[in-house]
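Quick notes on the structure that follows.
Each reported figure results from applying straightforward, stated rules to the coordinates on display, with no laboratory input. The structure displayed is predicted, hence computed values, not measured ones.
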């Protein structure tokens with residue numbers, strides 16, 4: 001996750017409280033999505049950004065995990081094309097791994 | 001089922017995956033409050 005976005009996540013968590021913030025990812029592949037999930041839960045694994053050593057432990061989901069709560073017509077219009085070409089299972093599994101580490 | 005009602009969401013989209021605006025559109029009916037929305041580019 002780039003430096004600017006780490007800062008924005010941190011500011012959001014500080015402003016509204018960790019319990020009121022949820023991170024939603026749209027990553028194209030499992031590894032990058034996992035890195036982003038790790039960054040907002042246990043801290044920046046690359047030790048480069050403002051979330052280094054900061055355990056925000058925010059709930060984090062990939063948009064693919066939220067299909068149940070999104071109207072079908074909106075899903076079809078916005079997501080279904082990429083759902084067909086990306087490795088949904090691998091992405092979801094990777095993001096869930098980090099969420100489960102913080103008990104989510 | 002995930003409940004986003006009243007939650008501030010940080011949207012980290014991906015240009016090669018699902019971009020931020022598409023995720024925003026999806027969340028409109030969930031009661032989530034958009035904290036910020038962005039689209040990263042890994043290229």
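Of note:
- Dividing the convex hull volume of the alpha carbon atoms of chain B by its residue count gives 65 Å³ per residue.
- The spacing between the stretch B:1-40 and the stretch A:42-104, judged by their C-alpha centroids, is 11 Å.
- Convex hull volume per residue in cubic angstrom - Cα atoms of the stretch A:3-101: 105
- Measuring nothing but how far apart in sequence close Cα pairs (under 8 Å, 6+ apart) lie, relative to its length, chain B scores a relative contact order of 51 percent.
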